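Visitor: Below you'll find the structure I mean.
The values are calculated or read from the model by the stated rules, or taken from the named source; none is laboratory data. Quick caveat, the model's predicted, so the values are computed rather than measured. All Cβ positions, glycine included, derive from the backbone under ideal geometry; neighbour counts span all protein chains shown. What goes into the accessible areas is simple: the full protein's heavy atoms, side chains included, and nothing from ligands, DNA or RNA. Shrake-Rupley method; radii C 1.70, N 1.55, O 1.52, S 1.80 Å.
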Amino acid sequence: MGREKSELLQILGAFETEGEIESIEVHGNGHINDTYLVTCRRGQGDTCKYILQRMNHEIFKDPDGLMENVVGVTSFLRKKIEEAGGDPERETLNVICLRDGGYYQKAEDGTFWRMYRFVEDADSFDMVEKPEDFYESAVAFGHFQKLLADYPADSLHETIPNFHNTVDRLKNFKKAVEADSMGRAAEVQEEIRFVLEREADCHVLCDMLETGEIPLRVTHNDTKLNNIMLDRNTGKGICVIDLDTVMPGSALYDFGDSIRFGANTGEEDEKDLSKISCDLELFALYTKGFIEGCGGSLTEKEIRMLPMGAKLMTLECGMRFLADYLEGDHYFKIDRPEHNLDRCRTQLRMVKDMEDKWEQMQAIVEKYL
Ligand code: ADP
Ligand code: GN1
Ligand code: MG
């Protein structure tokens, strides 16, 4: 389980859960937080489930700001979902408060913990199994962004500064290469060169945001397929989760990150690069769903730039994985020594494949102009 059950039970005791705790299991495949599924028994045959998470405070340094964002955004969504006649217990995350009223618990060892109601009868996927699922995730992520269009952006804390500032990411990447603290740079020269050859691309979206050519919006910023719950009965994207990085950003970040992960014909950490490519049918399907979900709110320029969003989010993620490999794997969780290097290689292969298919990607989005 990673942690002693007694330790988890003590943390759980602080939260306003219902019933007797029956089981605690490690859950999900997130790269950042430690996630547990907690099952409680209220009576004969009546259980209720929760998600308990250790917030990674090496990465999210301001747990108060982080939880203020999550509570702010989920309360805002709750109202909109109610107005639309939806079910806010399932259609947005529900924060479980502490018995004394706070939103997170600081444990004796200095770690930070929070709880959510578990979204029942829904699944999150690490790879597209059915194209319809990917389409439904697009509609839901687009809709999520539309719902947050009038959220007071100024009230959001920047939980990770410059999160999708690709220029800043490149600067940090170069620093990691320069420092070469683990002595790993020599073996990844080809990958380093691949990134550096695309320096000009890294500026494109940042420049457009700065000049106002594309608008700053409230965005999710981490829209991979396993950050959405799909309803087991209807197949619809029922609940957008992992709200830690909801911050002002670009619609192209959300579109691009979904393509990076979901339109890949292989897994993010696949070792056999011949399995990696950008599936244009999935790209087309996601484009359709996302534009529909955004409900007409995307500008012509944004639509035109969708392929660039996909390419840049993939390139950026590739350089983040490689920087972490060079720095000794302290950011993303790894299960094997070269995990981040494998992940970096799939991202760069995906970028190359998008470049080869560039005209087709542009033709797909042009239909919507
Ligand atoms: P990380 O930041 O580490 O990615 P997530 O918040 O995405 O953490 O949670 C990891 C996984 O746990 C998700 O991919 C999802 O499968 C599951 N999960 C998280 N929150 C819930 C929830 N409220 N209900 C059901 N499953 C959840
Ligand atoms: C992380 O938290 P998770 O696993 O959903 C990361 C994303 C990366 C992604 C790569 C806060 O997402 O930015 O794109 O891994 N989240 C954070 O899979 O850095
Ligand atoms: Mg996640």
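Visitor: Please build a GNM for the chain, connecting alpha carbons under 10 Å apart, and tell me which residue among D154, D324, D254 fluctuates the most.
Guide: Judging by the Gaussian network model, the answer is D154.
Visitor: Continuing with the same structure: Over segment 225-272, what portion of Cα pair distances is larger than 12 Å, expressed as a whole percent?
Guide: On the way: 805 of 1128 pairs.
Here the tail beyond 12 Å accounts for 71 percent of pairs.
Visitor: What are the aspartates and glutamates whose alpha-carbon lies under 13 Å from the alpha-carbon of K171, with same-chain residues fewer than 8 places away excluded?
Guide: Correct list for K171: E199, E316.
Visitor: Next up: Within segment 150-249, which trypsin sites (Lys or Arg not before Pro) sit in a loop by DSSP and count at most 11 neighbouring Cβ atoms inside 10 Å?
Guide: The qualifying sites are R232.
Visitor: Which helices of the chain meet both criteria: a Cα extent of 20 Å or more along the helical axis and a mean Kyte-Doolittle score no lower than -0.5, with helices taken as whole DSSP H segments?
Guide: 63-83, 131-147, 306-327
Visitor: What are the lysines whose alpha-carbon lies under 28 Å from the alpha-carbon of K5, with same-chain residues fewer than 8 places away excluded?
Guide: Straight-line reach from K5, under 28 Å: K49, K61, K106, K333.
Visitor: Is there a pair in K271/K357; K174/K275; K275/K352; K174/K271; K130/K236; K79/K146 whose C-alpha atoms are over 18 Å apart, and which pairs would that be?
Guide: In this structure, K271/K357; K174/K275; K174/K271 lie more than 18 Å apart at Cα.
Visitor: How large is the helix-only mean residue ellipticity at 222 nm for the chain, computed as the sum of -39500 (n - 2.57) over DSSP H runs with n ≥ 4, divided by its residue count, in deg cm²/dmol to the nearest 500?
Guide: Result for the chain, helices only: -14000 deg cm²/dmol.
Visitor: So if we plug the beta-carbon distance of T234 and E120 into 1/(1 + (r/R0)^6) with R0 = 22 Å, what FRET efficiency do we get, rounded to 0.05? List each step's numbers first, then the result.
Guide: On the way: r = 13 Å, r/R0 = 0.61.
That gives a FRET efficiency of 0.95.
Visitor: Extension gain K5-E300, at 0.36 nm per residue separation less the Cα-Cα distance, in nm?
Guide: Going from the current span to full extension adds 100.9 nm.
Visitor: What does the convex hull of the Cα atoms come to per residue for the chain, in Å³? Show your work: numbers first, answer last.
Guide: Details: hull volume 53.6 nm³, N = 369.
Here the figure is 145 Å³ per residue.
Visitor: Right, another one. In the chain, once you exclude exposed GluC sites (Glu not before Pro) (DSSP loop, at most 10 other Cβ within 10 angstrom), what's the longest stretch remaining?
Guide: Segment 198-369 is the longest.
Visitor: Same structure again: With all protein chains present, how much of the accessible area of segment 129-223 (probe radius 1.4 Å) comes from carbon and sulfur, to the nearest whole percent?
Guide: Roughly 50 percent of what the probe reaches on segment 129-223 is carbon or sulfur.
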